[in-house]
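Data block below; observations after.
Read the figures in this text as sums done on the coordinates, not as results from a lab. This one's a predicted model, so the numbers in the text were calculated from it and none came from an experiment. With ideal geometry, Cβ positions are generated from the backbone for all residues, glycine too; neighbour counts draw on all protein chains shown.
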Amino acid sequence: MTTSEKYFFKPGMKDMTSIFYISLLLVVSLLGAGCSAIKAYPERPVPADIQLKNLEWCFDYKKIQTPDPITLDPTTWRDSVINCRIYAIDLNFTIFEQSIARDNISLNTGADLAVIGLGGATAVVGNGATKSILGAISGGITGAKGGIDKDVFYSKTMPALLAQMEAQRKSQLVIIRNGQQNKADKYPLSEAIIDVENYYKAGSIPAALQGITNDAGVQKNNADNDIKNIYRAKYDQGATRPIRDRINRWLDSNLKENISKLKTWLQKQTPPIKMSPSTWVDDSATPQTMLEKAITENIIPE
Amino acid sequence: MPRIEITTNVPKAELQKKINRYMGDSDYISHKATPEDAGEQFWTLEVILKDN
């Protein structure tokens, strides 16, 4: 054996054959796993496309303008039309959810099984070069899956978007059901159709994103209100201290009564001062003129 | 929602008197005093009051 053969492994024919068979086995397992994805939804008794075909009548504008001669009552007719449309929208929404779940499960199980298989093979193969080749393939699949996850954002973002869609759909359905409490002369079919269209839109990604943005805005406003309820002051130790101490001595002489008196006076100022008297007196931001005004108008002794 | 009033730089000698003044206020709920320096010469006083 030469020096180079001693330190650097050169795979022989036997090793290459082993790598080929192991790789072939794992690729087959990857394809198999991807094709036979776990089902998140049971089979429908009647396929959705057949059901949707039977619901097409309520989207025919001419047909819905002429009430069914059997029902004739405009309120009953209105309810039949909008319930038909809501059912069709629900069916499509479920298909949409199923497609997301199917893509996510196929992607994860296929790639995960391949990574597990290759990782396991890397561990049991004794030969150093074979190990590094299998390890590289395993790493490549992990990297590819990571890239797809990032792009398609199934794992984290989609559940949040779907939850938002469901919430918005429910809110819009409440509007429709409340409208249906009225007779057709007060909640006509033309108005109900617009509400049903909004119900459809509520189950879309753009509407979910908009809803989440609006919710964030509301939360920001609440946070702003919380911040408004915080007053920050700095205890003054400057030249105005004697005036402040004079007011404090007066407050301490009859706490309950004088605190209440100064608080009433502060609230009568323009604009009213909401800060408590104790904070206001010692705050370095309180101007000397205001302190002197308080002394004069409340007849505060030396 | 209650109101929070935070005063920094309160001298140790004035702290208790200042707390007593807040406690004399009908809006007073609670307070927390935290030293600002190792020698505890200056304090931050955080008071929670009812917001009318």
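Could you check the stretch B:3-27 and list, in sequence order, the residues that are aliphatic (A, V, I, L, M) and not in a helix (DSSP H, G or I)?
B:Ile4, B:Ile6, B:Val10
Regarding the stretch A:165-177, can at least one residue be identified that is within 14 Å of another protein chain (Cβ to nearest Cβ) and either part of a helix (DSSP H, G or I) or in contact with a strand residue (DSSP E or B) (Cβ under 9 Å, 6 or more places away or on another chain) (or both)? Before you say what the answer is, go through the steps one by one.
If we filter the stretch A:165-177 for residues that are within 14 Å of another protein chain (Cβ to nearest Cβ), which is where we start, we get none.
No, the stretch A:165-177 has no match at all.
Return only the number of the condition from (1) in a strand (DSSP E or B); (2) at the interface with chain A (Cβ under 8 Å from one of its Cβ atoms); (3) of a type in the set (Gly, Ala, Ser) that B:Ser30 does not satisfy.
Every listed condition holds for B:Ser30 apart from (2).
Looking at the structure I just gave you, is A:Ala294 outside any helix (DSSP H, G or I) and either facing chain B (nearest Cβ under 7 Å) or among the hydrophobic types (A, V, I, L, M, F, W, C) (or both)?
no
Need pairs with beta-carbon distance below 7 Å; first residue farther than 11 Å from A:Val196 by Cβ and within the stretch A:80-93, second buried (at least 19 other Cβ atoms within 10 Å of the Cβ); sequence gap 6+ or separate chains.
Filtered contacts from the stretch A:80-93: A:Phe93/A:Gly203.
So which residues in chain B are among the basic types (Lys, Arg), more than 28 Å from A:Asn225 (Cα to Cα) and without any contact (Cβ under 8 Å) to a residue 12 or more places away in the chain? Show your work before the answer.
First, pick out the residues of chain B that are among the basic types (Lys, Arg): B:3, B:12, B:17-18, B:21, B:32, B:50.
Add one more test, that the residue is more than 28 Å from A:Asn225 (Cα to Cα), and what stays is B:12, B:17.
B:Lys17, the sole residue that qualifies.
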